[in-house]
Structure formats: structure tokens, C-alpha cells
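Let me begin by presenting the structure, written as C-alpha cells, before commenting on it.
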Ligand code: HEM
Ligand code: HEM
Ligand code: SF4
Ligand code: SF4
């Protein structure tokens, strides 16, 4: 597949910025829904590029992993306390 | 003197078994004494604080570990599990106490240099506490702080040519039995397959994009030394198609008591003379063996490759020559549903390098599960929720009787209209000419 484009990255960043007040960490599946014509494994490439750009970061409980904007959200959020 | 009194933990040391409490105390004392004069990079008394925090939890019956975090090494979404104390003022040594998962060598072959280097890194930059091995099979390094993570990762990769393992919604550190390196029962090269698939699926190991965890395990035969069928979402278990090879002279030697059964494994007690009828023939789960006093025969079509007869008389019986593996999918521990064992998906598959046949199945399962799986749903749960038949379709596997565990409990395979000649419509007139009302 073609390289990850800035437009594709923007779709993800805009989605996260739009949601950041309510929620800061998302499952991989939430991003797949943003690209209905793409296979999950292609969507993953966009997320990987954004992690490498240091725009996104991983949050992990140890058993599951979520993605969020770097620095966004607090630990308490992931624990469902806000 | 210990930093905190730990009466409840101390009690755990009194039983007959080795105790993690004794281990932690021993290492705590060692760190305090610092015989190697190390410039410890995390608090010297972290293990005393660990004992203090655990004692508090035993008293209150509540954990004081917070859940998860964003820590990791750059670019990796797994391998580090963030752990923080929720009483950091009381126990500053474990305010941050992250776990690192490290890939174990295939078949768990270590040399002393590897172990020493690992321990040196961990004594300096971590708590010194290890878990060999975690339930997934990897090396678990217990307790370090965030600034140490990249340092440790650099040393692991550059000095030890090793890597972090998996955690989170990743492919987890794959594990294999020692297979052909030592074991005559190995039906394929488990270590090589494990290594190759680990290398080929680096992206899946380090960059999480699955609904939940996914584990591979490789057993060379149904004896299951890494328990692939119970412990992995995708189990590759060695098997064979043709006859078990029988050396009739050796069978007689076992019967005559000249060779010890089970390679002498039950030597600790006198179980009486070997009785082939009771110990082998009657124990065959499919009742497919016969012993007429001078000749042993096995009805191969009924043999379920349970390994019992081969394990009992290894000099007389040997695995067949037409070797490959059986693939089972969906084992898991209880979280959403109860625990379940893997279900047979492919009864026999070739295990020739470069393992393209196996990889094709894996990738079809991933594509399906990544599309259909709910968040935090193991593939075994997706399989149960959407039906085993959907998994057959996703992997383009034909339905076969060996996928049915028992009739009536899982009648999950139905014909589709496209598979029936003429579909669901039928010519009623022509039918009535052949059948009366
Ligand atoms: C190729 C031929 C046949 C097929 C494919 C077939 C298929 C089936 C199936 C799928 C069931 C349901 C099993 C279940 O609930 O788990 C069943 C039940 C049954 N069949 Fe057949 N059948 C065949 C021939 C026959 C014949 C020839 C007879 C009797 C003369 C028969 C008598 C029955 C009876 C009595 C039951 C109910 C059994 C019970 O509830 O325990 N079947 N069959
Ligand atoms: C005196 C004669 C018979 C007795 C006492 C008898 C008794 C029984 C009993 C106790 C059951 C189990 C019912 C249950 O599931 O709770 C049963 C089932 C059955 N019997 Fe009989 N039976 C007799 C004759 C026959 C004959 C002649 C046939 C066939 C020609 C027959 C066909 C069946 C079938 C097909 C079932 C399974 C029904 C199902 O699908 O659950 N029985 N019978
Ligand atoms: S699983 Fe089978 S092949 Fe592998 S070590 Fe155990 S007995 Fe040998
Ligand atoms: S391997 Fe198991 S099922 Fe097969 S003949 Fe031996 S005891 Fe019977």
C-alpha cells in the first residue's frame, strides 16, 4: 500500500482532538471505524506513523492497549474515575 | 533489621514450599549489603518497600497497585507494564515499579553468559527480582523506574542481541518446547518455527492493533510440554498420519521386564511387574490396540495420537514418518467467559520451512478477528460468539468430522444454500412422483 498520507494522519488527530474533552484513550477498533474502506492492518500503519512522529502514545493496562494524543488525559481517566 | 514488620508475610514462609517472601527478603538483604558495590539506579530499599506494601494489602485485603500506564520504550506498544503504588509516600521505593517482559530463547536454552549479563543489567537498573518464566513463557523482570527503561532496552538489544516480549493487545512472546534439539517425539522443528514466526511478526509483537492479546505456542507432539492447547490462542501441535512404528522384539522385552517402562520414570516406588494389558492396552483412550501375547497391533484409523503407549514403551514404539502438525484455535483463561481449551481447526498441516502454510492460516484468522472481534475479546470468544463455522469460512477450511468434539454439544456446522445442489428450492411435482404423501 501507499505511504501514510498527511490527510490520513489528520483524520486521526482531528478525531482525537474533537473527543479530548470527553475521553482521551481509544481502542484500535475506534480508529478502524474512521476509515471504512481500509483494512485494519492498513489503519495500523497510520497509527504507527503517528506514534513514531510522537503525536500519539500508547496506554496499556498490561493486558490491553489503547491509543491517545501524547500527554492527553490522566491516569484517572483510564481507570474510569472521571 | 527489616524496614517494616511483616507478620502476615512471614507466615507464608512457614509452609513446606519455597516462598516468594523468603526470596524477596534474601534479595533485599543482598541489595543492602551491596557486595558488588553497585551504583544502584533505583532505590536500594525498593524490595523492603515492596514487602511493606504487600503486607499492607494482606491486612486490608485490597491491592495498592494502580492499573497500567503509558510507559514503554520508544515505538513499542508492548513489553513494559506500568505499575505504580497508590501509597507512594508510605512506600517511595515502589512509587514506580514497572515490569519488563523479555523474549526467552527458543526452547529456553540459556548459556551462563546470557544469564549473568541479564542479572547484571537488572541488579544495576532494576530491583534484582526476576520471574523465570511468566505464564506466557517469557523472562519477567519485576520492578524498575521509567528513566531506566530505554537504558535497559538498549543493553538488551545491543549487548545481548535480545528483545522485549509482548504485552497488551499484541502478539505475545511466542513459546516452543525444546523439540528436535533433545526429544525423539518431535514431529516438526518447534524451535525453528517459533523463532521464524517471532521474526516475521515483529510488527504484531511490538505494535498493538488486535482486539486483545494473541498467543502462539508450539508443541512438537501431543505430550504438550508448553501446553499449547490450553495456553495459546493458536496452538501448533505436532502429529503424524501413518502408523505408529512398532518394534515387536522390544515390546516383548518390555513384557518380559527387560526394559523399564516409561524410561524408568516411575523408579521411586515398586509398582510391581509391568503389565501391558493393564498399563497400555486398557489405557488406550480409543481402544485401538491389541496384544495377543506375542504381537502388538494398532488400528491406526482409530488412534487419536494421545502418546500414552509411546510414552510407556518408548523403545518399542515410535511416532510415524508422515509428520506435520494439528492447529487448534481459541484457548483462553476465564475473563469474559469461562476458560476454554483450543478447538481443532486444521487436523493436519505441513510444517516445512518457511512455514507459509501456517502463516496463511494465522493471517486469515487475524484479518477476521481484527474486523469482527470486540474490544477485549479473545479470538476464542469471537469464535464462540459468531460460531465456529464463521471461523471455518474466514480461514477457508472445509468442515471435517474431526472438528466436532461431541455430537449434540456443538452442532455448529450447517450446509449453506450454495453448497447444496439446486439450493433450498426443490421440484415438488417430481418429488411427489417418487414419494407418496
Ligand atoms: C444419512 C442419514 C442420516 C442423517 C444425516 C441423520 C442425521 C441426524 C441428525 C443431524 C440428528 C440430530 C442429532 C442431534 O440432535 O444431535 C438425528 C437424530 C435422529 N435420527 Fe438421524 N440421520 C440419518 C439417518 C437416520 C435413520 C435411518 C434413522 C432411523 C431409522 C434415524 C433416526 C434418528 C433418530 C431416532 C434421531 C433422534 C436421536 C436422538 O434424539 O437421540 N436417522 N439424525
Ligand atoms: C414397549 C416398547 C417401547 C418402549 C418401552 C419404549 C421406551 C422409550 C423411552 C423410555 C424412550 C425415551 C423417551 C425420552 O426421551 O424421554 C424412547 C425413545 C424413543 N423410542 Fe421408544 N420405546 C418402545 C418402542 C419403540 C419403537 C417400536 C420405536 C421405533 C419404531 C421406538 C422409537 C423411539 C425413538 C425414535 C425414541 C427417541 C425419541 C426422541 O427423539 O427423543 N420406540 N422409547
Ligand atoms: S511436546 Fe513432545 S516433542 Fe516437545 S518436548 Fe514435549 S514430548 Fe518432546
Ligand atoms: S497413541 Fe494413544 S490412541 Fe494411539 S494407540 Fe497409543 S494409546 Fe492408543
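Every read-out reported here was derived from the displayed coordinates using simple, explicitly stated rules and does not represent laboratory data. Given the structure is predicted, the values throughout are model-derived calculations rather than measurements. Here the Cβ positions follow ideal geometry from the backbone for every residue, glycine too, while neighbour counts run over all protein chains shown.
Would you give the gap between the C-alpha center of segment B:27-65 and the C-alpha center of segment B:206-225, rounded to a whole Å? For segment B:27-65 versus segment B:206-225, the Cα centre distance is 33 Å. Using C-alpha pairs below 8 Å separated by at least 6 residues, the relative contact order for chain B is 11 percent. Mean partner shielding of peptide B:210-219, defined as the number of other chain Cβ atoms within 10 Å of each residue Cβ, is 2. Placing dummy labels 7 Å off each Cα toward the beta-carbon, the span from residue B:150 to residue B:62 is 3.7 nm.
Ellipticity at 222 nm from helices only: DSSP H runs of n ≥ 4 in chain B, each -39500 (n - 2.57), divided by the residue count, give -9000 deg cm²/dmol.
What are the semi-axes of the equivalent ellipsoid for chain B, taken as the square roots of 5 times the Cα gyration tensor eigenvalues, largest first, in whole Å?
47, 32, 21
Could you tell me how many degrees, from 0 to 90 and to the nearest 10, lie between the Cα long axis of helix B:190-200 and the main elongation axis, the longest principal axis, of the Cα atoms of chain B? Here the helix axis deviates by roughly 70 degrees. Take each residue of peptide B:165-171, count the partner chain Cβ atoms within 10 Å of its Cβ, and average: the result is 4.
Put simply, the convex hull of the Cα atoms in segment B:245-318 casts, on average, a shadow of 4.5 nm². The angle between the Cα long axis of helix B:148-158 and the main principal axis of chain B comes to about 60°, on a 0 to 90 degree scale. Peptide B:67-78 has a mean of 6 when you count, residue by residue, the C-beta atoms of other protein chains within 10 Å of its C-beta.
Highest average first, the peptides B:360-373, B:270-283, B:66-79 ordered by how many other beta carbon atoms sit within 10 Å of their residues are B:66-79, B:360-373, B:270-283.
Scaled against the 2.2 N^0.38 Å expected of a compact globular protein of N residues, the Cα radius of gyration of the protein assembly as shown reads 1.16. From the largest down, segment B:1-153 spans 40, 34, 33 angstrom on the principal axes of its Cα atoms.
Diffusion coefficient (Stokes-Einstein, Kirkwood radius over C-alpha pairs, 4 °C, 1.567 mPa s) for segment B:363-425: 99 µm²/s, rounded to a whole number.
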